[in-house]
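> Sharing a structure here in C-alpha cells format.
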C-alpha cells in the first residue's frame, strides 16, 4: 500500500470509531431483532432495477490534505459540535475527490 491508502485506512478507522460512539445507544427489546417476526408475506421475485456503481477520481495531494485535516479533527472527536461533525463527514466522503460516473 502506498502512503495515501495507508492514511485513508487509518483515518477511516478513526472516523468509523467516532461515528459509532456518536450513534444513539438504544435499549431495544431482543424480540425486535428477531427477523422472523418482521414479515410473513411472500418474497418478492420481480427483477430489481440495478444502477451502475459510482466512480470517483481522487486528486492525491488534495485527498492527502483533506485526510490530514480530518485526522486532526478526529483526535478531538468528543469535543466536536454537530456542525463541525457534519463538515468532517462531508470532507471524508467528498474531500479531494470528484465523481466521474
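The values are calculated or read from the model by the stated rules, or taken from the named source; none is laboratory data. As the structure is a prediction and not an experimental result, all values here were calculated from the model. A quick note on method: Cβ atoms are made from the backbone with ideal geometry, for glycine too, and the neighbour counts reach across all protein chains shown.
> So, of the residues in the stretch 33-53 that are within 30 Å of residue 86 (Cα to Cα) and either more than 25 Å from the chain's Cα centre (by Cα) or not in a helix (DSSP H, G or I) (or both), which turns out to be modelled with the lowest pLDDT?
Our first condition is that a residue be within 30 Å of residue 86 (Cα to Cα); within the stretch 33-53, this holds for 33, 50-53.
Those still in the list that are either more than 25 Å from the chain's Cα centre (by Cα) or not in a helix (DSSP H, G or I) (or both) too: 50-53.
Working: 50: 80, 51: 83, 52: 84, 53: 84.
So the residue we want is 50.
> Something else: Looking at (1) within 17 Å of the chain's Cα centre (by Cα); (2) under 13 Å from residue 8 (Cα atoms); (3) surrounded by 13 or more Cβ atoms within 10 Å (Cβ to Cβ), can you tell me which one residue 93 breaks?
All conditions pass for residue 93, except number (3).
> A further question on this structure: Looking only at the stretch 54-67, decide whether some residue is assigned to a loop (DSSP other than H, G, I, E, B) and farther than 26 Å from residue 99 by Cβ. Steps first, please.
First pass over the stretch 54-67, keeping only residues assigned to a loop (DSSP other than H, G, I, E, B): 54-55, 59.
Retained after the next criterion (residues that are farther than 26 Å from residue 99 by Cβ): none.
No - not one qualifying residue is present in the stretch 54-67.
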